[in-house]
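These notes are about the structure you will find just below.
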Amino acid sequence: QSGANPAGTRVRRKGGGRKRAVVLQPELPTALEALIEDAIRGDPETPLRWVSRSQRRIVRALAERGFEVSQKLVGLLLREQGYSCQANRKTREGTNHPDRDAQFAHINTVVQAAMAAGQPAISVDTKKKELVGDFKNPGRELRPKGQPEPVRVHDFELPDLGKVAPYGVYDLAANQGWVSVGVDADTAAFAVESIRRWWQQLGQARYPEAKRLVITADCGGSNGVRVRLWKRELQRFANETGLAVTVAHLPPGTSKWNRIEHRLFAAISQNWRGKPLVSHQVIVQLIGTTTTQTGLTVRCELDASRYPKGIKITDAEMAALAIERDPFHGEWNYTISPNQQPP
């Protein structure tokens, strides 16, 4: 009544209430540490360590050892001890080739020289193969609330539709893309045929005075540096068009640096996000309508031709190629000129 409160603001006297579980069970932190020791990932000396076991399983394991704990308590103790569940992070690039930077400088010099001279320079690669049908496509798209697009639960290839292999050609100067949607194997013959179709449909009209074509590509796949069929087909292309074809491969392990990846393929993935690729026509339309604010335009065409695998190129055929290797890493940088005799 007088307003005096000799007990202060506390409800209980100091020391009142239940004791903490770690006080009643002093061995609990040590047992928890020992239990998850084999689940630690990464450097155990870092302040934040990674745990791959769920809290519910840890509670059951501790209960088997005679401890009384709850999931909430386990989570609290893990945070106090500096543990956290985390995803993997891609930071290790592996071994770098000693001439990686020099090769990038060489590619830049070749491409800039071609563009300054008004000669075509393209970046080529194969986009990830896609299942055709009502399968889930990553990403989200606006739809009425509670009405998501129904798709198949399992990603099993449909025999009547199969897969497609989109092979892209990106014109570095024109900011223009060409994509051939192949329905057969992704071979070197298919890759060069895609370049041929780009030249016939777009490149020849844009570069009527062209004498040379510069191609930047990664080191693997259908346009790999060791693929003999790739070079044989480029020789045929050079003979047909009269163009000298200069190829500059990106160093090993740097395919993500290829310009077509982030200037063309990334835009295509954004354009068809959340849309099931139910037919070849839908795929061609979605790729062909891809645009960006920087002015990218894309032409797309279905390639229904068959490209057999396992074609062997003999040493005699390789010797007949009019190929000139650059003094700097001739296995990466070479020029194939037109010749009179077909390879």
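The values are calculated or read from the model by the stated rules, or taken from the named source; none is laboratory data. Predicted model only: the values in this text are computed from it and were never measured. Heads up, the Cβs are rebuilt from the backbone with ideal geometry, glycines too, and the neighbour counts pull from every protein chain shown. Note: accessible area is taken over every heavy atom of the protein model, side chains too, but ligands, DNA and RNA are not part of it. Shrake-Rupley method; radii C 1.70, N 1.55, O 1.52, S 1.80 Å.
List of remarks:
- Scanning region 216-228 for residues that are surrounded by fewer than 22 Cβ atoms within 10 Å (Cβ to Cβ) and either at pLDDT 95 or above or not in a helix (DSSP H, G or I) (or both) turns up Cys219, Gly220, Gly224, Val225, Arg226, Val227, Arg228.
- Contact map, region 64-81: residues that are over 12 Å from Leu32 (Cα atoms) paired with residues that are open to solvent by 60 Å² or more (accessible area, probe 1.4 Å) and not in a loop (DSSP other than H, G, I, E, B), Cβ distance under 8 Å, separation 6+ or inter-chain. Pairs shown: Gln71/Gln55; Gln71/Arg56.
- Restricting Gly168, Gly177, Gly162 to residues that are at positive phi and surrounded by 13 or more Cβ atoms within 10 Å (Cβ to Cβ) narrows the list to Gly162.
Conditions (1) over 19 Å from the mean Cα position of the chain (by Cα); (2) more than 16 Å from His280 (Cα to Cα); (3) not β-branched (Val, Ile, Thr), marked per residue:
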{"position": "Val111", "(1), (2), (3)": "yes, yes, no"}
{"position": "Ile122", "(1), (2), (3)": "yes, yes, no"}
{"position": "Lys128", "(1), (2), (3)": "no, no, yes"}
{"position": "Pro138", "(1), (2), (3)": "no, yes, yes"}
{"position": "Arg143", "(1), (2), (3)": "yes, yes, yes"}
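- Filter result (within 19 Å of Leu229 (Cβ to Cβ) and outside any loop (DSSP other than H, G, I, E, B)) within region 173-186: Ser180, Gly182
- Of the residues making up region 187-204, one or more are at pLDDT 95 or above, touching a helix residue (DSSP H, G or I) at 6+ places or on another chain (Cβ under 9 Å) and assigned to a loop (DSSP other than H, G, I, E, B).
- Within region 102-113, residues that are in contact (Cβ under 8 Å) with a residue 12 or more places away in the chain and farther than 17 Å from Val245 by Cβ sit with their Cβ atoms under 6 Å from residues that are open to solvent by less than 50 Å² (accessible area, probe 1.4 Å) and not β-branched (Val, Ile, Thr), at 6+ positions apart or across chains, in these pairs: Gln103/Pro251.
- Considering each residue of region 181-204 in turn, at least one proves to be out of contact with any Pro (no Cβ under 7 Å at 6 or more places or on another chain), open to solvent by 10 Å² or more (accessible area, probe 1.4 Å) and among the basic types (Lys, Arg).
- Each residue in region 118-146 was checked for being of a type in the set (A, V, I, L, M) and touching a Lys or Arg at 6+ places or on another chain (Cβ under 8 Å), and 2 of them qualify.
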